[in-house]
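Peer 1: My questions will all concern the structure given below.
The values are calculated or read from the model by the stated rules, or taken from the named source; none is laboratory data. Remember, predicted model here, so these are calculated numbers, not experimental data. Quick reminder, even Gly has a Cβ in these numbers, built from the backbone with ideal geometry, and neighbours come from all protein chains shown. Surface accessibility is based on the protein's heavy atoms, side chains included, excluding ligands, DNA and RNA. Shrake-Rupley method; radii C 1.70, N 1.55, O 1.52, S 1.80 Å.
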Amino acid sequence: MLAKQLIVNGVLALTLCGGNRQALAQTIDTLDKHWPAYINLDQYMQPFLTADTIYNELLMPIKDGHAAPNGGLLFPVKSVLSVRDTYLGTEYEQGKDWIWEGQRIVLTDSSRIPYFSSHELVYGEAREGISQPGSAPGTYVLFSEGELLRSKQLAVTYIPDRRSGKPAKHLSATRRLPLTAGKLAKHQKLHVVFLGNSIETGANSSGFQHVPPFMPNWGELFVWQLRRYFDAPVSYKNLSVGGKTASWGLTQMDLVMSEHPDLVVIGFGMNDGTFGVAAEEFAKQIQTMIEAVRNQRSTCEFIVVTPMLANPKAIHNNLQEAYRPALRGLECNGVAIADMTYWHKWLLTHKSYQDMTGNNINHPNDYLSRWYAHVLAALLIENSP
């Protein structure tokens with residue numbers, strides 16, 4: 001992993017750049033590799049908002065002050081079925097390692113479960129190899145592109161209690177992709193091209209990291225769901241590269257066009273936001289990409305993904321949220337918006353950032369990657385919850 005220095009509002013920061021295997025997206029079809037020994041993708045692609053059982057929701061036990069280490073679940077709980085490490089190799093015992101209190105998993109005094117203390121997440125001095133500058137002057141945030149975060153997250157399977165009576169949120173389908181929807185409905189070939197930065201390459205999904213449970217990245221999950229639901233021959237190519245911005249994406253249009261895409265998924269914004277690219281300029285760059293492809297391939301349609309949020313305690317957190325309204329303004333016939341900014345912000349009202357990140361800075365873990373796949377798939381699956 002390489003690092004690149006930049007200045008954000010006059011402050012030195014660091015952003016991730018493509019290096020070694022982190023740089024390029026997986027470009028071969030790996031959807032039948034490794035994961036079947038660990039997970040069931042039918043279960044993983046059941047929308048969280050309506051599923052009868054929540055499989056392997058991830059959380060990070062954190063100790064703050066005198067309270068026992070604990071972590072939050074998204075929904076009220078009817079019963080907890082299992083608590084395991086994120087590699088799904090160790091199952092922890094209720095009563096011995098953890099107890100369930102409301103929507104929280106609480107570690108016992110005798111627990112074998114590893115955890116972080118809050119002072120290990122934000123601290124006052126740089127730590128070589130495991131820190132990035134914090135948003136508050138003089139602070140640093142824990143950072144790792146390896147297994148440090150994953151090794152202390154838990155996978156919880158539980159039955160949610162849906163009896164609260166509160167109006168249920170739902171994922172939205174779109175009428176903006178008629179040609180794509182038509183091809184899928186007729187079981188015709190569909191070729192999808194992904195273009196974005198490291199989040200779009202799949203970093204830090206377990207499949208990308210080559211560790212159990214080897215979950216495919218969110219783009220692959222999206223393709224898998226389309227194949228399964230529509231029984232259609234959906235192919236894909238991921239042209240994303242870690243560390244890139246929309247301005248780089250503009251230089252890749254010939255490469256995109258060489259793929260003869262039917263659907264292009266564009267996902268920039270995390271690095272652009274860190275660099276402080278103005279929302280209007282950023283949206284214009286995305287619009288220019290769309291126009292460049294449409295000028296040569298008028299039947300191509302697009303999904304534009306609004307960015308997830310950076311860790312609010314890290315200096316990388318800057319303009320990402322401001323891109324949401326600008327990108328939503330691009331929606332039109334042939335262009336749909338996958339609003340991950342909205343969903344990530346909502347999730348953060350129920351769960352900690354550390355529950356959903358792979359590097360504690362700006363990458364999703366398997367859980368948040370599943371949300372990406374759910375949000376995109378719902379655009380094309382009629383009546384998806």
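Peer 1: How would you rank 282-290, 240-248, highest first, on the average number of other Cβ atoms within 10 Å across their residues?
Peer 2: Numbers: 282-290: 19.4, 240-248: 22.4.
The most tightly packed comes first, giving 240-248, 282-290.
Peer 1: For helix 366-380, report the angle its Cα long axis makes with the longest principal axis of the Cα atoms of the chain; keep it between 0 and 90° and round to the nearest 10°.
Peer 2: Compared with the principal axis, the helix lies near 40 degrees.
Peer 1: Okay, moving on. DSSP beta bridges in the chain, what fraction antiparallel, as a percent rounded to 5?
Peer 2: Details: 37 of 58 bridges.
The answer is about 65 percent antiparallel.
Peer 1: For Arg175 and His66, what is the calculated FRET efficiency with R₀ set at 51 Å and r taken between the beta-carbons, to the nearest 0.05?
Peer 2: Numbers: r = 53 Å, r/R0 = 1.04.
The pair Arg175/His66 has a calculated efficiency of 0.45.
Peer 1: When ranked by the protection proxy of mean other Cβ atoms within 10 Å per residue, highest first, what sequence do the peptides 303-312, 212-221 form? Mind showing how you got there, number by number?
Peer 2: On the way: 303-312: 23.3, 212-221: 25.6.
In decreasing order of mean packing, 303-312, 212-221 become 212-221, 303-312.
Peer 1: Which FRET efficiency value, to the nearest 0.05, do you get for Ser298 and Ala278 by plugging their Cβ-Cβ distance into 1/(1 + (r/R0)^6) with R0 = 22 Å?
Peer 2: Values: r = 30 Å, r/R0 = 1.36.
The calculated FRET efficiency here is 0.15.
Peer 1: Any idea what angle helix 218-230 forms with the longest principal axis of the chain, computed on alpha-carbon atoms, 0 to 90 degrees, nearest 10?
Peer 2: Roughly 70 degrees between the two axes.
Peer 1: How high is the relative contact order of the stretch 140-274, in percent, counting Cα pairs under 8 Å that sit 6 or more residues apart?
Peer 2: RCO, the stretch 140-274: 30 percent.
Peer 1: Something else: Would you calculate a helix-derived [θ] at 222 nm for the chain, using -39,500 (n - 2.57) for each DSSP H run of n ≥ 4 and dividing by the full residue count, to the nearest 500?
Peer 2: Taken over the chain, the calculation gives -6500 deg cm²/dmol.
Peer 1: Identify the GluC sites (Glu not before Pro) of the stretch 304-385 meeting these criteria: DSSP loop state and at most 12 other C-beta atoms within 10 Å of the C-beta. Can you show the working numbers first?
Peer 2: Numbers: sites: Glu321, Glu331, Glu382; in loops: Glu331, Glu382.
Answer in residue order: Glu382.
Peer 1: How high is the FRET efficiency between Thr349 and Lys33 when r is their beta carbon distance and R₀ equals 30 Å, given to the nearest 0.05? Display every interim value, and only then the final one.
Peer 2: Numbers: r = 36 Å, r/R0 = 1.19.
E(calc), rounded to 0.05, equals 0.25.
Peer 1: Then there is this: Heavy atoms only, probe 1.4 Å: what % of the accessible area of the chain goes to carbon and sulfur, would you let me know? Walk me through the numbers on the way to the answer.
Peer 2: On the way: 8010 of 15660 Å².
Result for the chain: 51 percent of the exposed heavy-atom area is carbon or sulfur.
Peer 1: Oh, and also: Can you give me the Cα centroid spacing of the stretch 355-375 and the stretch 298-337 in angstrom?
Peer 2: With the stretch 355-375 and the stretch 298-337 each reduced to a Cα centre, they are spaced 16 Å.
Peer 1: Once the piece of chain linking His187 and Thr157 is laid out straight, how much longer is it, given 0.36 nm per residue of separation minus the C-alpha distance between them? Mind dumping the intermediate values first?
Peer 2: Details: separation 30, 0.36 × 30 = 10.80 nm, distance 3.41 nm.
Going from the current span to full extension adds 7.4 nm.
Peer 1: Return the single residue from Asp85, Asp231, Asp355 with maximal mean-square fluctuation; model: Gaussian network over the chain, springs between Cα atoms under 10 Å.
Peer 2: Among Asp85, Asp231, Asp355, the largest mean-square fluctuation in the Gaussian network model of the chain belongs to Asp231.
Peer 1: If you roll a 1.4 Å probe over the heavy atoms of the protein chains, what accessible area per residue do you get for the stretch 259-374, in Å²? Please report the intermediate quantities before stating the final value.
Peer 2: Working: 3420 Å² over 116 residues.
Result: 29 Å² per residue.
Peer 1: Oh, and also: Pairs of Cα atoms under 8 Å, at least six residues apart: use those to get the relative contact order of the chain, whole percent. Intermediate values should be presented prior to the final figure.
Peer 2: Values: 836 pairs, mean separation 85.6, N = 385.
This gives 22 percent for the chain.
Peer 1: Would you mind pulling out the separation of the Cα centroids of the stretch 150-223 and the stretch 51-80, in Å?
Peer 2: Answer, in whole Å: 21.
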